[in-house]
Each structure stands twice: as structure tokens, then as C-alpha cells.
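**Q** Structure below; questions to follow.
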Amino acid sequence: MNQKAHITGGIIFATAAMIAGVYPLTASLVVFGSMFNDLDCVNVSWSTQGLHRKLFHNIFILGFFAALSMKYSFLLCWVLGMALHNVMDLFSGGPVYLLWPLSYKGPLGIGGWGVPNDNVLSVPVGIVIAIIFSTGYLVVTGHLGDALFLLKKIWDLFRNTFG
């Protein structure tokens, strides 16, 4: 996915977190977490592909931040943003090395069966993935009804204003 898709997905997920009762400032960490993974967009001389989708896209970095979130609970939103980023990248055109540096190949070492980053569908596909991810979060936290109630109120407001 491209950066627009990751930012939009992070905003959608942060909104779901706020519906579930997370403070807005803490929920905003989802957006930053959803962009953090792409800090590995560097090329190094000893690698033909650089470190992108390896260094910060693997489950070990995600696990490190998840462990930190046990002590600093606000980091859970950061971890959820990073997880959303990885899920979105699995539906984009390039590989994601989830087990790097242990494995470059295999079912968890490669991905990318969706749209390329520069494709016009990158953002819409990212939005759909973020909505599915956010819906799952709302179901797990028991706030799906709150989200549906809010959507109904927005729809009614829209319909009464423009209908």
C-alpha cells in the first residue's frame, strides 16, 4: 500500500479506537504506528533489495513493541497501527518479510498478491482492509453496536440534510 492508504487506514482504525473509548491522543498513536513500519525504506550496500519490508515489518519488531505495551499501555495503539500496516502490505504488490532475518522465503516470508503501491486501487483496497480490521477490533472490544449506532445517526443527519 502507499502512504496515503496507510494514513487513511490509521485514521479509520483510530476512529474505531475512539468509539471503543480510547482517548483521542492515545488513539492517534494508531496513525503514527501505521506509518512507522515504512521507516525501513533505506538501501544498504550489502543488500540488493535494501531493508524495506524487512527491518520494521517483521513480527519480532511487532513483538518488541507489544512487550513494551504491557508496561506502557498507550503503546498498544502503536502496535495495532503497526499490525494494520503489515496486514495492508500483505495485500499490496510486493513481498513482506514477516520472519526477517530468519526467513526470506516460505508462506510467512512472502506476500503481496494484491494491488501495487502506485495503482489507483491502492487507497480503496487499503480502506476496505482498514474497515475490516477496525470492525474486528470493535467486535473484540464489544463496541460494534456503538459504531453502528453512530453510523446510523450520521446517515440520518446526511439524509435529513440532503434528502
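**Q** Could you look through region 127-163, keep only residues that are among the small types (Gly, Ala, Ser) and not in a helix (DSSP H, G or I), and pick out the one that is surrounded by the fewest Cβ atoms within 10 Å (Cβ to Cβ)?
**A** From region 127-163, those among the small types (Gly, Ala, Ser) are 130, 134, 136, 142, 145, 147, 163; that's our starting set.
Within this subset, residues satisfying the condition of being not in a helix (DSSP H, G or I) are 142, 163.
Details: GLY142: 9, GLY163: 6.
Looking at the filtered set, the residue picked out is GLY163.
**Q** Now a separate question. Out of THR26, THR8, THR48, THR15, which single residue is among the polar types (S, T, N, Q) and modelled with pLDDT under 90? Step through it out loud before you land on a result.
**A** Details: THR26 fails: modelled with pLDDT under 90; THR8 fails: modelled with pLDDT under 90; THR15 fails: modelled with pLDDT under 90.
Going through THR26, THR8, THR48, THR15 in turn, the sole match is THR48.
**Q** Let me ask something additional. What number of residues within region 121-141 are free of Cβ contacts under 8 Å to residues at least 24 places away in the same chain and among the small types (Gly, Ala, Ser)?
**A** As a first pass, look at region 121-141 and keep what is free of Cβ contacts under 8 Å to residues at least 24 places away in the same chain: 121, 124, 128, 132, 136, 139-140.
Within this subset, residues satisfying the condition of being among the small types (Gly, Ala, Ser) are 136.
Qualifying residue count for the region: 1.
**Q** Can I ask one more? So which residues in region 73-97 are modelled with pLDDT of 85 or more, more than 14 Å from SER34 (Cβ to Cβ) and surrounded by 24 or more Cβ atoms within 10 Å (Cβ to Cβ), if there are any at all?
**A** none
The values are calculated or read from the model by the stated rules, or taken from the named source; none is laboratory data. Since the structure is predicted, the reported quantities are computational estimates derived from the model, not experimental observations. Here the Cβ is made from the backbone with ideal geometry for all residues, glycine too, and neighbour counts use every protein chain on show.
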